[in-house]
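See below for the structure under consideration.
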Amino acid sequence: MNMNDEHLKTISDLDRAYVKEVLIEAVASVLRVSEFDVTSKGKQDIVTNLDFEMERLIKKRLLDRFPNDRFIGEEENHETLGNGRTWVCDPIDGTLNFTQNIPYYGVQLALMVHARPVMSMIYLPELGELYEATKGCGATLGGKKLVTPGEVNLERVVVTFGDFSKSNPSSRGFQIKAMEALLGKAMRIRIQGASSVDFAFVSAAKNGCHIIFSKNLWEMAPGTMLAEESGCKLHRISGEKHGFEGEALIVAINVSILNEVVSILEAL
């Protein structure tokens, strides 16, 4: 049995409909309120009581169904990732957008096996979009298979950047230089404020390229898998060469865009 067969066997035991229902019902029962509490979460960051309620509810529902699994969440469940089956969750990705009535926020979830994602879901409730990916089986939006286009170049697409990373602040200088370098090359440069939206939009070829510097597993695992399964091309730039910790992840809808962006950024 090869690794893909092992992944598929693991996933075939899951009730995907149940997992999808968990996300949709969590949003319906927790986020559809008019009042919530907002508190500071370190410098230039916030969290709401709904972030905690969402994470607790999703954790409970998943572990009720899969009691032998582990759970890592952004807010309360900062366990070390091992080789066993582990759910990784960002309960409200883009909390600031959510609190400002900006529709670009989402719920992110990935199932990890041997420390690698084998299934992921990204739900963008205000847009009514549910993205799904399974290792070796492709990615879908609303049940329709995602296919990335081959014949489009950098000057015709939007390039998005992740927010200036809180988990990897040393990358900010390089990110500013990267944005300046791409400003005259791409159709537009944007920061959308939620990695769930960033990864979803590039996976669906609404945007042509996404560049992110985060180290957070709950930000990276669901979207990275979605992008790979949709056919996007990925490349990692080592921060050591460019004066920052960790890596920059570049995700593009085709090889030509990826190669051009990599060439520009590696020259900085």
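Can you confirm whether LEU268 is among the hydrophobic types (A, V, I, L, M, F, W, C), part of a helix (DSSP H, G or I) and over 28 Å from PRO91 (Cα atoms)? No. ALA115 meets all of the listed conditions (1) within 25 Å of LEU182 (Cβ to Cβ); (2) hydrophobic (A, V, I, L, M, F, W, C); (3) exposed (fewer than 14 other Cβ atoms within 10 Å of the Cβ) but one, namely (1).
Residues in region 122-145 that are surrounded by fewer than 22 Cβ atoms within 10 Å (Cβ to Cβ), hydrophobic (A, V, I, L, M, F, W, C) and assigned to a strand (DSSP E or B): LEU130, LEU141.
Does region 146-168 include one or more residues that are over 19 Å from ASP198 (Cα atoms), crowded, with 22+ Cβ neighbours inside 10 Å and in contact with a Leu (Cβ under 9 Å, 6 or more places away or on another chain)? No, that holds for no residue. How many residues are in contact with an Asp or Glu (Cβ under 7 Å, 6 or more places away or on another chain), closer than 23 Å to MET187 by Cα and assigned to a helix (DSSP H, G or I) when one looks only at region 224-265? So the answer is 0. Among residues of region 20-70 being over 21 Å from the mean Cα position of the chain (by Cα) and hydroxyl-bearing (Ser, Thr, Tyr), the one that is surrounded by the fewest Cβ atoms within 10 Å (Cβ to Cβ) is SER34. Taken over region 97-120, the residue count meeting the criterion of being assigned to a strand (DSSP E or B), within 17 Å of VAL47 (Cα to Cα) and hydrophobic (A, V, I, L, M, F, W, C) is 1.
Going by what's in this entry, would ILE58 be described as modelled with pLDDT of 95 or more and either out of contact with any Leu (no Cβ under 6 Å at 6 or more places or on another chain) or farther than 18 Å from ASP93 by Cα (or both)? In short, yes.
Here LEU81 fulfils each of the conditions (1) in contact with a helix residue (DSSP H, G or I) (Cβ under 8 Å, 6 or more places away or on another chain); (2) farther than 15 Å from GLU219 by Cα; (3) surrounded by fewer than 17 Cβ atoms within 10 Å (Cβ to Cβ) apart from (2). Would you confirm whether any residue within region 194-204 is at pLDDT 95 or above, outside any strand (DSSP E or B), among the acidic types (Asp, Glu) and surrounded by fewer than 24 Cβ atoms within 10 Å (Cβ to Cβ)? Checking region 194-204: not a single residue is at pLDDT 95 or above, outside any strand (DSSP E or B), among the acidic types (Asp, Glu) and surrounded by fewer than 24 Cβ atoms within 10 Å (Cβ to Cβ). Among residues of region 37-80 being in contact (Cβ under 8 Å) with a residue 60 or more places away in the chain and assigned to a strand (DSSP E or B), the one that is nearest to VAL27 (Cα to Cα) is GLY73. Of all residues assigned to region 154-169, at least one qualifies as being out of contact with any His (no Cβ under 8 Å at 6 or more places or on another chain), farther than 21 Å from GLU219 by Cα and aliphatic (A, V, I, L, M). Out of region 236-268, which residues are surrounded by 17 or more Cβ atoms within 10 Å (Cβ to Cβ), within 24 Å of THR134 (Cα to Cα) and out of contact with any Gly (no Cβ under 7 Å at 6 or more places or on another chain)? Passing the criteria: LEU249, ILE250, VAL251, LEU258.
The values are calculated or read from the model by the stated rules, or taken from the named source; none is laboratory data. Predicted, not measured: the structure shown is a model, and the values here were computed from it. Cβ atoms come from the backbone with ideal geometry, glycine included; neighbour counts cover every protein chain shown.
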